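This report concerns only the one structure given below.
Please treat every number below as a calculation from the coordinates, not as lab data. This structure is a prediction, so every number in the text was calculated from the model and none was measured. FYI the Cβ positions are ideal-geometry reconstructions off the backbone, even for glycines, and counts take in every protein chain you see.
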Amino acid sequence: MSGKRNLLICAGGTGGHIIPAITIGLSLERFNAVFVCGSRSIEKTIYEEYKIKPISLDLGSFSVVGYALKFPKNLLMSLLLIKRINPSSVLVAGNYTSGPVGLAAILLNKKLLAIEQDSLIGKANRIFAKFAYRIFTAYPPPFRHIDNRKGVFTGHVIRDGIRFPKKNLDDIEIESNRKKVLIIGGSQGAYSMTKALVSILSDDDKYHLIVVAGKSSDRFENKSNVTVLPYYKNMGYLYSLADIIIARSGALSVAEIAYSNKPALFVPLPSASNDEQTKNVATLMKTNIQFDFIPESRITKEAVIRKLERIENLRGVNSQSNDRFIQQIKIIEKYV
């Protein structure tokens, strides 16, 4: 692409890392963004939605031994890639997939930038923070583990499909007078959480459940008041369709649901590093009165119904706008 500088973006693992990175890369019109990810099928599926063909490292699901054994090969591949495309900057989005690319950028003395969408700095970004030129953060500083002079507060990067939700021809239609509760298990399904919530709410005539069950979708049944979906591309439409949302509290989910301005009950992932999912929602609850959360271990019918009844008619104030998004991209472009 003549006249444009190359920008190498490494984003893999989950949508929470990949989607903000894609949104940034496609919005930086002065740059030709080249994307790198791991080899998991969900990563390729997300990139395919955006008609992007990323370069894949030999990195599947994380294991310490497997990662260490494959690291030399992936580092060499990253070094050769950076030499070949000669990017002006390398942008990493955290997650273990960033390791080889980030180290290659350091070894080749390339400007290294990082995106951090969580309220806590992740393990990979803590390491790269020592070498990074700037770290773009979704939450305001200060942060532990980094030199806060490098931090640039941008806020969460929200994709177009959430900022401008619209119904597509192949989108579902639900004709029901019941309150629509969107339960998001994510690509991995969050089976234990989703199973407990469906068991509790499917017997309540007040609600119609829309269950995004990921790879666990074949373990649930469609009923008159339960619509099961394996994976759904147009999440902006689902958010607009829902009266209440129940989801994990990964950074991307919390940010997008906050933007949708819908009442939401969050169930933090118990195994999340540093309990970051609880901290994500706790931070935004300070400014979003329509949010609440419940630990997965405390899910009972009485507790869930009580919390839903408390929030279901509340609305916060959506302070984000498209002008804010344009300003975010300008801030990032200044440092790339």
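General observations
- Cα-based helix-to-principal-axis angle, 98-107 vs the chain, degrees rounded to 10: 20
- For segment 167-311: relative contact order, % (alpha-carbon pairs under 8 angstrom, 6 or more apart): 20
- Counting only DSSP beta bridges whose two residues both lie in segment 167-311, roughly 5 percent are antiparallel.
- Net +/- balance of residues flanking GLU296 in space, Cβ distance below 13 Å, scoring K and R +1, D and E -1: +2
- Whole-Hz couplings from phi, Karplus 6.51/-1.76/1.60, listed for segment 194-209; x for Gly and Pro: 5, 4, 4, 5, 5, 4, 6, 9, 5, 8, 9, 5, 6, 10, 10, 9
- Globularity ratio of the chain, using Cα Rg and 2.2 N^0.38 Å: 1.00
- Local net charge near PRO100, Cβ-Cβ under 12 Å (Lys/Arg +1, Asp/Glu -1): +1
- In degrees, nearest ten, helix 276-285 long axis to first principal axis of the chain (Cα): 70
- Label zone (ASP205, point 7 Å along Cα-to-C-beta; backbone nitrogen cut-off 16 Å) within segment 226-268: 226.
- In loop segments of segment 1-91 as defined by DSSP, the GluC sites (Glu not before Pro) with at most 15 further C-beta atoms inside 10 Å of their C-beta are GLU29.
- Where trypsin sites (Lys or Arg not before Pro) fall in DSSP loop in segment 1-53, at most 16 other Cβ within 10 Å: LYS4, ARG30, LYS51
- Calculated [θ] (222 nm, deg cm²/dmol) that DSSP helices of n ≥ 4 give over the chain, each run adding -39,500 (n - 2.57): -11500 deg cm²/dmol
- Angstrom value of the Kirkwood radius, inverse mean 1/r, which spans all Cα pairs in segment 167-311: 15.1
- Local net charge near VAL228, Cβ-Cβ under 10 Å (Lys/Arg +1, Asp/Glu -1): 0
- When the trypsin sites (Lys or Arg not before Pro) in segment 165-266 are filtered for DSSP coil states and for at most 11 other beta-carbon atoms within 10 Å of their beta-carbon, the remaining sites are LYS166.
- In segment 132-178, taking the dipole from charged Cβ atoms about the Cα centre, the farthest positive-side position among THR137, GLY151, ILE174 is held by GLY151.
- Each of CYS10, CYS37 has some number of other Cβ atoms within 10 Å of its Cβ, and from fewest to most they run CYS37, CYS10.
- Eligible aspartates and glutamates near LYS51 by straight Cα distance, threshold 14 Å, same-chain separation 8 or greater: GLU43
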